[in-house]
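Derivation of every value follows stated rules applied to the coordinates shown; laboratory data play no part. Quantities reported herein were computed from a predicted structural model and do not represent experimental measurements. Don't worry about glycine lacking a Cβ; one is built from the backbone with ideal geometry, like all the others, and counts go over all protein chains shown.
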Amino acid sequence: MATQALEAFNAGNYALAITLYTTQLSQYPSTLDYYIKRSTAYQRTADYASALSDAEVAAALAHKRGRRDVLATAQLRRGIALYMLGRYGDAKICFEAVKRLNDKERGLDIWMGKCEKGLRELPADDEKGLGNVKEIPDVEVPKPGTSHDKGKENVKPDDAGKKGQSSAPTQASSAAEAQTPANKIRHDWYQTRTDVVFTLLAKGVPKDEASIDIEEQSFSISFPLASGATYDFSIDPLYGPINPSTSISNIYSAKIEITLKKSTPGQNWKALEGTALVKGKGKAIDAPAGPPEYVAASATSPATTSPTTAAEHPPSYPTSSKRGPKDWDKLAADLTKKKPSSKSNPKPTNAQLPSAPEGQEEELAYDDDDDDDEEGDPVNSFFKKLYKDADPDTRRAMIKSYQESNGTALSTNWGEVGKGKVEISPPEGMVAKKWGE
C-alpha cells in the first residue's frame, strides 16, 4: 500500500494519496516519510491546517530521532503551511530553522523570499507578522490503530474502492523478502579530514521503525527484522570524539549511512572503534596521540624482575598462532645479529642465516629479492616481509591484533582474531598506561 500511495502522490492524485497514507499511518504511526508526503498532499489540496498538523508531527519525530536531514524537510513543510495560512512571522521561524539545518534544502530560497515579501506588505501592527511558534512543536504521535486525520473523506468512493482491493499482507511479505538477513548484514567506513562515514549494508530497513542514536563517543542502530527479532549494532567507544549535533544519518533502500563529524578535524582515525580506559580514569575512550607506554607495575620497586629471572622465563607475548606462543624477543635477537653488507660481501647462504626458534625456520628466511631494507632495521625488515608475503586474512589478523592490543600482541590467525576484540596484554611485570601518564 505504501508503494501505491507513492504512485498516487507522484501522479498528482493527492486525494487518493492522502487516503492511502492515512491507512498506513493507522498501522505505522511513527513513519516520518508518510507524514511529510501527506502534509505535502494536503497543502496541494489547499487543506493547510491538516498540512501543518502532519508537518509538526514529522518535525517532532525527526528531532527526537536526531534526523537532521528529515527535520529540515519537515520544517520546510511546516513553514509552507504556516505561510499559506497567512502566519508569516511563524513561517519565518520555520524557514530560518531550515536554513540552519540545511541551507541547500530544495525550495527554501523561493519560500523564504515569498515570506519576506509577505512580511513587508503587512501593516506594522499586524499580528500575522509576529512569530510565536516553538521551533520544535509539542505534539503527540498517534498510537497504532488510530487515525491522525480524516483523510479518507477526501477520496471519491470509486477511487477508494479500486485501490482498496490491494492486499496489505502481500506488500508486507514483499518487503520481508527483500530485507537482508541478519547474518549477511555487513558494514564499512572511510574518513575524510572532517568526517567519518559509516555504512551499514542492509536492504529493506523500515524507516519508520529504525532507531539511530548518535552520541559524542558512540552511536547505535536498531531496527526490526522480518523474522520478528531486532537487529542491534553499536560502536562504543568510537576512536575519537564527534559532534552529534552536526552528524547526520540517512536510511536508503539498500543501506544506512551515518556521517560523523570529527570534533578534531584532521585527526586520523586508525580504527572505527576506540579502546575503553580502565574504570575510574574519567574518560570513555582512549585515542592515544603516540605509541603506548608501558611502565613497571611497582613504582617503588623498579627492580622487581631481576635479569636472571627474565632470562630464565622470557616473555611469551599473546598470539593466536597454531604453533603456540612465539618468543619474539629471541627472534628479534637472532635477527639483529650483524647482517652482511651487500656492498662488500655476497648475500649469506643458508648456512650463514641466524638460527630461528624451533618451528619458525620458514619464517626467518631473508628475502633474496628484497634489497630495500638491506641496511635498515632487520627486525623491521622481517615484519615487513612477513606482512608482504601474507595472504589477506593473515594481514587483517596482524593489523587488528596489533592495533587493538596497542602493540602488545601480534597474531597471524584471523580465525581467532576475527572472533572478537584483542585485549591489551603487556609483558609480565608491566602494566599498560595511557600515553603521557
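Our summary gives the stretch 178-261 a relative contact order of 31 percent, counting only alpha carbon pairs under 8 angstrom and 6 or more residues apart.
The listed peptides 56-69, 98-111, ordered by packing as a protection proxy, come out as 56-69, 98-111 (highest mean of other Cβ atoms within 10 Å first). Taken along its principal axes, the alpha carbon cloud of the stretch 178-261 reaches lengths of 37, 21, 19 Å, longest axis first.
Residue order for 96, 404, fewest other beta carbons within 10 angstrom first, comes to 96, 404.
Taking a sphere under 14 Å around the Cβ of residue 106 and counting the other residues whose Cβ falls inside, with K and R at +1 and D and E at -1, yields a net charge of -1. The residues neighbouring residue 73, those whose beta-carbon lies less than 9 Å from its own, together hold a net charge of 0 under the Lys/Arg +1, Asp/Glu -1 convention. Summing Lys and Arg as +1 and Asp and Glu as -1 over all other residues whose Cβ lies under 11 Å from the Cβ of residue 224 gives a net charge of -3. Under a 5 Å amide H cut-off, with hydrogens placed 1.01 Å from N, residue 238 pairs with 218, 274 among residues at least 5 apart or on other chains.
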